[in-house]
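**Student:** Starting off with a structure, shown below.
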Amino acid sequence: MTDTPRFTITRAFDAPRARVWDAWTRPEALASWFGPKGTSGTILAFDLRPGGAWRGRMDMPDGGAMFSKFVFREIEPMSRLVWVHGFADAEGNRIHPPFAPQFPLELLTEVLFADEGQGTRIDLSWTPLGATPEEQAFFAGMMASMNGGWSGSFEQLDTFLAGG
């Protein structure tokens, strides 16, 4: 049996932890930065509590749209968010992502918030949940792409935090 692959990324932001936490936990803030560069997002539902759902729509540059559904598991104010991350249809039913049917259906996402100097460090991880060996292998092979996607999102978060 192989170990489940785990994607991790760390980024420091030049903003106090309260401001960074706010950017992750207010729907109007999330809509302005969350998602890959070149996309625009809409938060369709946001219930920040264990068992609550965050549903979103991501509009792609080519005119298409993708939907997501994240279900919160743990919330430790100002320090930790944990949710089950996945793609969905327009009604919120879980589906494999349209761009990669081999991608795991669900990922466990953990975001840690910590003070770093005058700023804030984010440590984010993704771990496949209930994935087949083939899905785990595909996920492991997507790490460079996931790093690029999250790096682009974090650049947008930098701009948001700077007030731009």
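**Student:** What number of residues in the stretch 67-114 are in a strand (DSSP E or B), under 25 Å from T25 (Cβ atoms) and not acidic (D, E)?
**Tutor:** 25
**Student:** Just give me the residues in the stretch 103-139 being buried (at least 16 other Cβ atoms within 10 Å of the Cβ), polar (S, T, N, Q) and either over 19 Å from D22 (Cα atoms) or over 18 Å from the mean Cα position of the chain (by Cα) (or both), in sequence order.
**Tutor:** S125, T127, Q136
**Student:** Can you pull out the residues in the stretch 141-164 that are of a type in the set (G, A, S), in a helix (DSSP H, G or I) and either more than 17 Å from F99 (Cβ to Cβ) or touching a His at 6+ places or on another chain (Cβ under 7 Å) (or both)? Working first, answer last.
**Tutor:** Going through the stretch 141-164, the residues of a type in the set (G, A, S) turn out to be 141, 144-145, 148-149, 151-153, 162-164.
If we keep only those that are in a helix (DSSP H, G or I) as well, we get 141, 144-145, 148-149, 151-153.
Listed by number, the list holds a single entry, S151.
**Student:** Name every residue in the stretch 3-35 that is polar (S, T, N, Q) and closer than 21 Å to M146 by Cα, in order of residue number.
**Tutor:** T4, T8, T10, S32 - these are the residues of the stretch 3-35 that are polar (S, T, N, Q) and closer than 21 Å to M146 by Cα.
**Student:** If S40 passes every condition in (1) of a type outside the set (D, E, K, R); (2) out of contact with any helix residue (DSSP H, G or I) (no Cβ under 9 Å at 6 or more places or on another chain); (3) surrounded by fewer than 16 Cβ atoms within 10 Å (Cβ to Cβ); (4) at pLDDT below 95 but one, which one does it miss?
**Tutor:** Among (1) of a type outside the set (D, E, K, R); (2) out of contact with any helix residue (DSSP H, G or I) (no Cβ under 9 Å at 6 or more places or on another chain); (3) surrounded by fewer than 16 Cβ atoms within 10 Å (Cβ to Cβ); (4) at pLDDT below 95, S40 violates only (2).
**Student:** Additional query: Return the residues of the stretch 44-66 that are under 14 Å from the mean Cα position of the chain (by Cα) and either at pLDDT 95 or above or of a type outside the set (A, V, I, L, M) (or both); say none if nothing qualifies.
**Tutor:** F46, A53, W54, R55, G56, R57
**Student:** Output the residues belonging to the stretch 76-91 that are loosely packed, with under 14 Cβ neighbours inside 10 Å and closer than 18 Å to G51 by Cα.
**Tutor:** Matches in the stretch 76-91: E76, P77, E91.
**Student:** Let me ask something else. Look at L161 and say whether it is closer than 22 Å to R73 by Cβ, touching a helix residue (DSSP H, G or I) at 6+ places or on another chain (Cβ under 8 Å) and crowded, with 16+ Cβ neighbours inside 10 Å.
**Tutor:** Judged against the criteria, L161 is not a match.
**Student:** Scanning for something within 18 Å of T4 (Cα to Cα), modelled with pLDDT of 95 or more and among the polar types (S, T, N, Q), does the stretch 71-79 turn up at least one residue?
**Tutor:** Within the stretch 71-79, none of the residues are within 18 Å of T4 (Cα to Cα), modelled with pLDDT of 95 or more and among the polar types (S, T, N, Q).
Okay, residues lined up against (1) out of contact with any Ser or Thr (no Cβ under 6 Å at 6 or more places or on another chain); (2) of a type in the set (A, V, I, L, M, F, W, C):
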site: G86; (1), (2): yes, no
site: P101; (1), (2): yes, no
site: F113; (1), (2): no, yes
site: P133; (1), (2): yes, no
site: W150; (1), (2): yes, yes
site: D158; (1), (2): yes, no
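**Student:** Also, I was wondering about something else. Of everything in the stretch 1-37, what is free of Cβ contacts under 8 Å to residues at least 40 places away in the same chain, in a loop (DSSP other than H, G, I, E, B) and either surrounded by 14 or more Cβ atoms within 10 Å (Cβ to Cβ) or under 13 Å from the mean Cα position of the chain (by Cα) (or both)? Give them in sequence order. First the steps, then the outcome.
**Tutor:** Residues of the stretch 1-37 free of Cβ contacts under 8 Å to residues at least 40 places away in the same chain: 1, 3, 22, 26-28, 30-31.
Keeping just the survivors that are in a loop (DSSP other than H, G, I, E, B) gives 1, 3, 26.
R26 - this is the single residue of the stretch 1-37 that is free of Cβ contacts under 8 Å to residues at least 40 places away in the same chain, in a loop (DSSP other than H, G, I, E, B) and either surrounded by 14 or more Cβ atoms within 10 Å (Cβ to Cβ) or under 13 Å from the mean Cα position of the chain (by Cα) (or both).
The values are calculated or read from the model by the stated rules, or taken from the named source; none is laboratory data. Source: prediction; values computed, not measured. Here the Cβ is made from the backbone with ideal geometry for all residues, glycine too, and neighbour counts use every protein chain on show.
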